[in-house]
């Protein structure tokens, strides 16, 4: 299926994807599908079919989440992305006939988007990979602060933090950054000197929404 009314933003953490889809939906009276818009399905997912997405649902001790090796953490994140793609494609099919534009902060891979999105409807937004590691716990959202508390409860918090950050470094590696950079889609790099409004204008140029 080709999603003719959908505009997709992919890329790395801290690049501004969530902010841009929200501003686009507000300005252009569109439908907003924010990061993890598929999460409402989690409680009913079959654990055998979606082992990565149901991992935390079945977790008995959340300390096991932060104790995984960097390699295990990366494998889980990659698995989550693939399972999310299945759900997101199903959800998007429900909006395919709507007249409004749909703005999506998505897990769908660049390879799949080349088959399902219209030309000019996909944008890559990138931030320096190091930002995702160094600033991960600066955000005050509940999830990150919960993980921080778990790490601080470990017998050796410094070692636990190092282990978790090495996992973050693997999922935000320069190699993954380069794959996005050379995906063939237009790219906007994070620039602290730009205002959100200025970045929005750049995004609208890519999507042909500035007319």
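Quick notes
- Label point distance in nm, residue 156-residue 89, each placed 7 Å from Cα along Cα→Cβ: 4.4 nm
- Inter-part distance where segment 75-95 and segment 164-211 are each reduced to a Cα centre, Å: 20 Å
- For segment 110-211: rounded, prolate or oblate by the Cα gyration tensor [a/c cutoff 1.5]: prolate
- Computed [θ] at 222 nm, helices only, for the chain once each DSSP H run of length n ≥ 4 contributes -39500 (n - 2.57): -15000 deg cm²/dmol
- Residue list for segment 94-138, given a label point 7 angstrom along the Cα-to-Cβ vector of residue 147 and an amide N cut-off under 15 Å: 130-138
- If you plug the beta carbon distance of residue 98 and residue 41 into 1/(1 + (r/R0)^6) with R0 = 25 Å, you get a FRET efficiency near 0.80.
- The calculated FRET efficiency for the pair residue 67 and residue 138, based on their C-beta separation and a Förster distance of 22 Å, comes to about 0.45.
- A simple spin-label model places the labels of residue 32 and residue 82 3.2 nm from each other, with each point 7 Å out along Cα-to-Cβ.
- Relative packing of peptides 96-107, 9-20 - highest average C-beta neighbours within 10 Å first: 9-20, 96-107
Each value in this text was obtained by applying a stated rule to the coordinates, not by laboratory testing. This one's a predicted model, so the numbers in the text were calculated from it and none came from an experiment. Every residue, glycine as well, gets a Cβ built from its backbone with ideal geometry; the counts of neighbours run over all protein chains shown.
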